[in-house]
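The values are calculated or read from the model by the stated rules, or taken from the named source; none is laboratory data. In this text, all values refer to a predicted model and were calculated from it rather than measured experimentally. For neighbour counting, all protein chains shown are included, and Cβ atoms are generated from backbone atoms with ideal geometry for every residue, glycine included. Calculation scope for accessible area: heavy atoms of the full protein, side chains included, ligands and nucleic acids excluded. Shrake-Rupley method; radii C 1.70, N 1.55, O 1.52, S 1.80 Å.
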Amino acid sequence: MTFTIADFFQLLGSLGLFLYGMNLMSESLQKVAGNRLRKILASMTKNRFLGVLTGLLITSIIQSSSATTVMVVSFVNAGLLTLAESISVIMGANIGTTVTAWLVSLIGFQFSIVDLAIPVIGISIPLMFSKNDKRKSTGEFLVGFALLFMGLDFLKNSVPDLESHPEALAFVKDFASSSLGTGYGAVFLFLLIGTVLTIIVQSSSATMAITLVMLNNGWITFEMAAAMVLGENIGTTITANLAAIPANATAKRAALSHTLFNVFGVMWMLIVFYPFIHLMDWIVTLGGNAESQNSNLYALSMFHTMFNVTNTCIMVWLVKYYVIIVNKIIPVREQDSEFSLRFIKGGLLQTGELSLIEAEKEIELYAQRSHRMFDEARTFAMTKFDDKNNQNYAERIEQFEDASDRTELAIANYMYEIAATPTSTSIKNKIRNYLYLTTEIESVADRCFNISRTVIRRNNDKINFTADQNADLERMFSLISQQLDALERCVSSRFADEESRGEIFRVEKDINELRYALKSKNVDQVNNGDHSYESGIHFMDVIEECESLGDAVTKIAREVKI
């Protein structure tokens with residue numbers, strides 16, 4: 001028998017079908033349970049043991065530890081989880097990912113599930129064309145489930161059988177009988193193979209399935225397969241580390257802790273490797289499966305589960321030390337610049353339901369920064385033109401304006417990326433509202449910048465406002481600040497705070513009344529010689545910009561419904 005290029009592509013295609021099915025299963029479950037997953041993460045991570053249980057539960061549901069860890073990194077980046085909480089969730093995710101191995105060994109090798117796959121796809125088709133988002137996602141899950149096991153069945157048939165065709169991969173037997181193929185030489189080699197293969201495939205579950213197929217077909221011994229499993233536990237940490245590259249320091253630490261947790265676990269396992277795998281053999285024998293054709297498959301799945309359970313039981317008591325270690329490796333940096341993005345600048349996109357949280361947090365920060373920009377413009381307007389800090393105020397407000405433009409564009413682009421993924425109708429509506437909200441917050445920043453430019457023109461004319469003008473400006477500024485405070489509360493509550501929304505409308509009425517009163521008062525003061533005509537023009541320009549700013553905030557409260 002010869003292994004041709006066509007056989008290689010059949011093998012590659014089988015792996016691709018398996019991966020696609022797993023990815024479709026994971027994404028559809030995340031869409032169905034996205035909001036619930038967020039609530040679970042928020043409410044069940046208050047201590048390390050609940051955190052482990054949470055990670056186990058979520059990973060068992062979505063069948064992807066990589067998806068869970070990337071989700072955890074993004075939540076840490078968004079400030080929803082602490083570093084200690086994230087470490088315990090990741091530990092639980094390592095246990096949850098072993099469920100896939102049991103599904104494959106108990107179902108995938110027992111009978112040809114491909115005979116059921118086509119009818120399952122047939123059942124799912126009406127669901128996939130349903131207008132109901134949950135039914136549609138359920139249909140996608142069923143298709144993913146069917147494709148996963150179809151891929152596994154094709155994978156089994158694509159891999160050469162060494163017992164029937166020993167000449168196909170004779171080098172495997174030669175290696176196994178050599179000095180490198182026994183003892184720790186083989187263990188370290190196959191540990192490396194498992195690590196590299198998982199990094200390439202980007203799925204420890206897929207690599208585990210490949211390992212089970214290789215073991216079932218006689219490519220490798222049980223010891224080699226167990227070593228590959230250890231390598232897969234290290235390789236699976238790469239995804240989260242890639243997601244954390246552009247994220248903040250805390251997210252980087254969470255991803256690094258995942259790597260350290262698995263590396264330290266593999267290190268102690270290597271010390272007791274042979275006694276441990278003999279224990280797995282004994283447990284399987286005790287269960288009456290010693291003579292079963294699939295006893296090695298059960299033993300490998302048992303090894304995978306028991307390693308992660310034991311490792312977690314040991315390491316869960318050391319969470320605080322992991323926090324100390326990763327803080328040392330990634331030291332505390334200066335606070336992220338207030339002009340830079342903090343939440344959406346990286347990470348692998350999950351489904352819209354889970355990715356939207358980063359955009360929501362960034363919009364909250366955007367509203368806060370716009371308020372700070374207003375405070376800078378307010379202070380600038382109340383400062384005399386001959387003060388030394390005038391240039392500093394002008395430059396700082398210009399920095400805020402540039403950052404505001406960049407933030408608006410970045411949030412919009414991120415929203416479009418989310419919209420490009422399969423999302424529900426409710427998420428698309430949220431995206432539409434958030435895009436509008438982002439545009440209007442940028443309008444608020446524009447008005448703040450216009451106030452600054454008006455003050456610069458006043459300073460260039462060497463004019464100072466009178467004490468009475470400053471008092472009137474302060475009244476207007478106080479109303480705007482009150483309105484911006486209410487806007488921040490609305491944004492942080494996803495506009496569920498009706499009291500704050502109502503306050504925006506009430507303050508808008510006061511702003512309009514004050515503007516009309518000051519316009520009339522300004523004319524009288526110019527006529528009475530209380531201040532110059534030029535001073536009055538600059539004063540009213542500031543007032544008009546404040547009124548426009550208030551209009552922008554009111555427009556947000558009136559139009560945005562999330």
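Restricting the stretch 182-222 to residues that are in a helix (DSSP H, G or I), of a type in the set (Val, Ile, Thr) and without any contact (Cβ under 8 Å) to a residue 40 or more places away in the chain, which is most open to solvent (accessible area, probe 1.4 Å)?
The qualifying residue most open to solvent (accessible area, probe 1.4 Å) is ILE200.
Suppose the filter is at pLDDT below 80 and either basic (Lys, Arg) or over 22 Å from SER301 (Cβ atoms) (or both); does ALA168 pass it? Full working, then the answer.
Numbers: at pLDDT below 80: yes; either basic (Lys, Arg) or over 22 Å from SER301 (Cβ atoms) (or both): yes.
Judged against the criteria, ALA168 is a match.
Looking at the stretch 513-531, which of the residues that are open to solvent by 40 Å² or more (accessible area, probe 1.4 Å) and within 57 Å of the chain's Cα centre (by Cα) is farthest from ALA552 (Cα to Cα)?
Here the residue is VAL523.
Taking only the stretch 305-320 into account, find how many residues are within 25 Å of the chain's Cα centre (by Cα) and not aliphatic (A, V, I, L, M).
The number of residues fulfilling the criteria is 3.
Looking at the stretch 430-445, which of its residues are in contact (Cβ under 8 Å) with a residue 40 or more places away in the chain and open to solvent by 40 Å² or more (accessible area, probe 1.4 Å)?
Correct list: LYS430, TYR436.
Assess whether VAL52 counts as being open to solvent by 10 Å² or more (accessible area, probe 1.4 Å) and either β-branched (Val, Ile, Thr) or modelled with pLDDT under 75 (or both).
Taking the combined requirement at face value, the residue satisfies it.
Just checking, how many residues over the stretch 386-429 are open to solvent by 60 Å² or more (accessible area, probe 1.4 Å) and either closer than 26 Å to LYS561 by Cα or among the hydrophobic types (A, V, I, L, M, F, W, C) (or both)? Give the steps one after another, and end with the answer.
Start the filter on the stretch 386-429 by keeping residues that are open to solvent by 60 Å² or more (accessible area, probe 1.4 Å), which leaves 386-389, 391-392, 395-396, 398-399, 402, 405-406, 409, 413, 416-417, 420, 422, 425-426, 428-429.
Narrowing further to those that are either closer than 26 Å to LYS561 by Cα or among the hydrophobic types (A, V, I, L, M, F, W, C) (or both): 405-406, 409, 413, 416-417, 420, 422, 425-426, 428-429.
Summing the residues that are open to solvent by 60 Å² or more (accessible area, probe 1.4 Å) and either closer than 26 Å to LYS561 by Cα or among the hydrophobic types (A, V, I, L, M, F, W, C) (or both) in the stretch 386-429 gives 12.
Does ASN294 meet the test of being under 20 Å from THR98 (Cβ atoms), at pLDDT below 80 and either more than 24 Å from the chain's Cα centre (by Cα) or surrounded by fewer than 12 Cβ atoms within 10 Å (Cβ to Cβ) (or both)?
So ASN294 fits the description; yes.
In the stretch 82-114, which residues are at pLDDT 70 or above and assigned to a loop (DSSP other than H, G, I, E, B)?
Selection gives THR82, THR97.
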